[in-house]
Structures are given as structure tokens and as C-alpha cells.
Amino acid sequence: MNILGELRIPLEYGALVRSDIWRGKGARHGDGERVLAIPGLLVGDETLHFMRRWLGRLGYAPVTTGIRSNIQCSERVMDKLEARLEREVAIDGRRAHVIGQSRGGMLAHVLGVRRPDLVASVTTLGSPINGTVDDFHPLLKRNLTWLSRLGDTRTGYIATSCWVGAPGNPVPETELAIESPELLDVGATCCEHFWADLAAPLPPQVVGTAVYSRTDGIVRAKACTAPGYRAVEIRASHVGMATSSQAYHAIADTLTLAAREERKRPRRPAPPLIERRRLTVADPVSGVELDRRRAS
């Protein structure tokens with residue numbers, strides 16, 4: 001892993017805006033299907049702005065997570081994402097698509113495992129869905145240790161107990177772990193079920209695509225593929241996958257495959273029109289339906 005390769009992000013963005021896929025050529029256009037885009041570790045929804053903009057132009061309804069900085073306990077984030085997805089699917093009864101970058105892909109996978117009734121497809125971008133902390137760049141491992149120390153002060157960040165049960169049991173050497181080693185031996189921790197679901201295969205009724213890069217400077221490529229996923233190799237940096245034309249091709253292909261599968265499934269009955277109007281309001285700029293409570 002060469003972290004210096006992450007410096008090519010501006011070049012990747014420049015290649016994207018000059019590409020045919022950015023203009024929608026050769027990509028299936030959506031019919032208002034909702035797409036939840038989950039950002040990676042330490043960052044928020046703004047990092048996926050260009051992707052949501054592209055999806056909106058293709059006719060999909062991009063959905064934000066409300067995450068400002070993706071550093072909280074995984075289970076705490078999952079509760080919010082699941083509730084958000086339930087509201088979106090309730091609008092018209094159609095299952096949603098989920099795209100996740102890096103840590104966001106881990107969350108997307110668990111959403112697909114837990115709620116295949118809500119999720120039609122999962123696309124992960126450089127996400128360690130089949131790896132351990134040893135597959136991370138040493139700099140990222142140090143950041144996780146730092147975040148754990150903050151979490152041990154009960155500030156709401158990732159804490160030592162969040163790592164118990166993770167692949168390889170990557171528990172950082174934090175002050176809390178040293179002072180209270182019994183926390184590492186307890187049977188139930190905050191993210192115990194999250195790690196178990198991350199290790200579970202994606203249900204067959206959910207279309208999965210795992211995008212990975214051998215030039216990823218943050219996560220090893222071998223950690224980014226898993227059973228149940230169609231593996232797609234691209235040439236991109238880790239952070240740059242959010243603005244990689246090759247990644248956008250993979251996303252477009254996944255949405256096309258999922259649309260074919262969705263046509264074979266009976267749709268959930270949509271709520272009455274008056275209820276749908278209560279749930280949504282049209283964005284006057286993009287025409288995309290937004291949650292009325294979020295828009296207010």
C-alpha cells in the first residue's frame with residue numbers, strides 16, 4: 001500500500017467530469033429509485049456530493065445519511081441508517097439501493113444482511129468487508145487507536161468495546177483496556193452483533209458489487225471482496241473512488257442488474273397518497289423527493 005498514491009484525487013476527479021459515464025452515456029436511467037450513499041471513516045455526506053449529483057441526473061433519488069463525521073459506534077450509526085431506510089422505502093414500497101465507501105461499505109453490507117426487505121443492492125467502494133485491522137495502512141491503524149482513546153472518555157466516538165468481536169479482535173491498547181481488562185472478556189458488547197453480521201454472507205435476494213483497487217493506498221485489495229459479491233477491480237486511489245469514472249461504471253451496472261431483479265419481485269404496497277405527501281416534499285431545484293422533516 002502506497003499512501004502517496006492518494007495524492008492523485010484531483011486527477012481522478014478531472015477524468016470523471018470528462019468521461020461519458022458522468023454525462024450518463026451508456027448508463028440506465030432510473031425511475032426515482034432511492035439510493036442511500038454512506039460516507040467513509042472520519043468524513044460526512046459532503047464527500048459523496050458529486051456521486052449524489054450524478055445519480056440525481058440519471059433519474060434516481062439520492063438519499064443522504066445525515067452523517068457529519070463517520071466516527072460513531074457502528075451500532076449507533078446502524079440504528080439511524082435503518083430508520084432512514086425504512087422511511088424512504090415506505091414512500092413508494094420499492095426497495096432502495098445502498099452505496100458505501102470504505103467504512104460506509106461495511107455499514108451498507110450489514111444493512112443488506114439485516115434488512116433484505118429494504119435493500120435491493122449493495123455496492124461497496126474500497127470497503128474492508130472481508131478483512132481485519134491488519135489490512136489497513138499503519139497510519140489508519142494509528143487513527144483508530146486515537147479515536148478509541150477519545151471514545152474511552154465516553155464522548156460518543158469509537159470506543160474500545162466497539163472492537164470486541166471484530167475480525168482479528170483488533171482491540172487498540174487504550175487506557176480503558178489497560179485499566180479495565182475485564183471489558184475485553186464480556187460476552188455482550190455494543191457492536192457484538194455488528195461484527196457477526198459483517199461476517200455473514202450477503203443474502204441472495206440482494207445484488208452485491210464489491211469494487212476494489214490494487215493501487216488503494218489505505219486498504220488492501222484482498223480485504224475488499226467477499227462471498228455474495230460481484231468483484232470489480234478498478235484503478236483508483238482509496239479516497240478517489242468517490243470520484244472515479246470506473247467506480248461509477250460499476251455502480252451503474254449494479255443498479256441495472258438490481259432493476260432487472262426488482263421487476264421479478266412483488267412490490268410492497270405503497271401507503272395512501274395522503275401519507276406519501278406527508279412523508280415527502282419535492283425539492284424545487286432537483287425535483288428529488290426529500291423527507292419533509294429533513295427539509296423543514
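The values are calculated or read from the model by the stated rules, or taken from the named source; none is laboratory data. Keep in mind it's a predicted model, so treat the numbers as computed, not measured. All Cβ positions, glycine included, derive from the backbone under ideal geometry; neighbour counts span all protein chains shown.
Entry remark, the range 192-242: residues being among the small types (Gly, Ala, Ser) and not in a helix (DSSP H, G or I) number 10 in total. Could you tell me whether any residue of the range 91-109 is surrounded by fewer than 24 Cβ atoms within 10 Å (Cβ to Cβ), of a type in the set (Asp, Glu) and closer than 17 Å to TYR60 by Cβ? Within the range 91-109 (the criterion being surrounded by fewer than 24 Cβ atoms within 10 Å (Cβ to Cβ), of a type in the set (Asp, Glu) and closer than 17 Å to TYR60 by Cβ), the answer is yes, since at least one residue qualifies. Of the listed requirements (1) more than 12 Å from the chain's Cα centre (by Cα); (2) farther than 29 Å from ARG149 by Cα; (3) not acidic (Asp, Glu), ILE99 misses just one: (1).
Do we have any residue at all in the range 88-103 that's among the β-branched types (Val, Ile, Thr) and in contact with a His (Cβ under 8 Å, 6 or more places away or on another chain)? Within the range 88-103 (the criterion being among the β-branched types (Val, Ile, Thr) and in contact with a His (Cβ under 8 Å, 6 or more places away or on another chain)), the answer is no, since none of the residues qualifies.
For the range 43-73, a tally of residues being among the aliphatic types (A, V, I, L, M) and under 16 Å from ARG84 (Cβ atoms) returns 4. Of all the listed residues (VAL43, VAL35), the sole one being in a loop (DSSP other than H, G, I, E, B) and within 21 Å of THR123 (Cβ to Cβ) is VAL43. Hey, any hits in the range 53-74 for a residue that's touching a Cys at 6+ places or on another chain (Cβ under 7 Å), of a type outside the set (A, V, I, L, M, F, W, C) and buried (at least 16 other Cβ atoms within 10 Å of the Cβ)? Yes, the range 53-74 contains at least one residue that is touching a Cys at 6+ places or on another chain (Cβ under 7 Å), of a type outside the set (A, V, I, L, M, F, W, C) and buried (at least 16 other Cβ atoms within 10 Å of the Cβ). Residues in the range 119-129 include at least one that is in contact with a Pro (Cβ under 9 Å, 6 or more places away or on another chain) and assigned by TED's automatic domain parsing to the domain that holds GLY228.
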